[in-house]
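> Let me begin by handing over the structure; questions about it come next.
Each value in this text was obtained by applying a stated rule to the coordinates, not by laboratory testing. Please read these numbers as outputs of a predicted model, since none were measured by experiment. Every residue, glycine among them, receives a Cβ derived from its backbone with ideal geometry; neighbour counts consider all protein chains shown.
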Amino acid sequence: MNGKLEHKSDFGRKQKMSDLRVVALSLTAGFMSIDKENSLFKEIDKQQIPNLIERSQFNKRRRKLFLFLEEVRIKLASRFLEFEDYFIVDSMPLEICKFARHRRIKICKNEFETAPSKGFCVSQNNWFYGYKLHGVYSIN
């Protein structure tokens with residue numbers, strides 16, 4: 001990679017699992033489409049990962065390493081997408097509540113930019129209240 005990524009942990013004692021391994025495991029979970037904190041540890045063979053820390057400790061460390069993890073993700077994405085000419089864009093409704101309750105809900109309504117809205121999903125033939133989630137994929 002062009003730029004150096006460096007993270008200095010602020011923990012005082014020697015850790016059972018390094019920050020680099022926590023980041024690597026977190027990126028691997030993302031690659032495997034495991035987005036829930038508890039789901040990863042159901043999939044892991046604990047015998048294959050030496051010095052694996054306890055689930056809640058892993059999740060706490062991963063949250064503390066969020067900014068560093070995002071920096072790594074951005075650098076990786078720029079390297080992988082550098083030679084791409086074509087992308088696929090898809091979207092889906094992200095419903096935050098049932099449509100019947102949309103007038104009573106107060107989630108994110110305090111700022112116009114983040115306010116959810118009503119929409120119609122043609123593929124599901126129904127109205128939804130929430131956001132439209134867009135995904136961008138490369139051909140590879």
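> Per DSSP H run of n ≥ 4, the term is -39500 (n - 2.57); total these for the chain, divide by its residue number, and report the mean residue ellipticity at 222 nm rounded to 500 deg cm²/dmol.
It lands at -9000 deg cm²/dmol.
> Next question, about the same structure. Which GluC sites (Glu not before Pro) from region 90-140 combine a DSSP loop assignment with at most 14 other Cβ atoms within 10 Å?
Answer in residue order: Glu111.
> Going 7 Å from the Cα of Asn126 in the Cα-to-Cβ direction, what parts of region 60-95 have a backbone nitrogen less than 14 Å from that spot?
Residues 93-95 fall inside that zone.
> Taking square-rooted eigenvalues a ≥ b ≥ c of the alpha carbon gyration tensor, is region 75-125 rounded, prolate or oblate, where a/c under 1.5 means rounded and, failing that, a/b exceeding b/c means prolate?
Oblate shape, in that a/c is at least 1.5 and b/c is the bigger or equal ratio.
> Moving on to the next point. Report the extension gain between Ser18 and Met32 in nm, rounded to one decimal, defined as 0.36 nm multiplied by the number of residues separating them, less their alpha carbon distance.
That works out to 2.9 nm of additional length.
> Give me the angle, in degrees from 0 to 90, between the Cα long axis of helix 19-31 and the longest principal axis of the Cα atoms of the chain, rounded to the nearest 10.
Between the helix axis and the principal axis of the chain, the angle is about 40 degrees.
> Could you name the lysines whose alpha carbon sits less than 28 Å from that of Lys46, not counting residues in the same chain fewer than 8 places away?
Lys8, Lys14, Lys16, Lys36, Lys60, Lys64
> Using only Cα atoms, tell me the angle between helix 66-80 and the longest principal axis of the chain; keep it within 0 to 90° and round to the nearest 10.
80 degrees
> Roughly how compact is region 19-80, stated as its Cα Rg over 2.2 N^0.38 Å to two decimals?
That works out to 1.11 for region 19-80.
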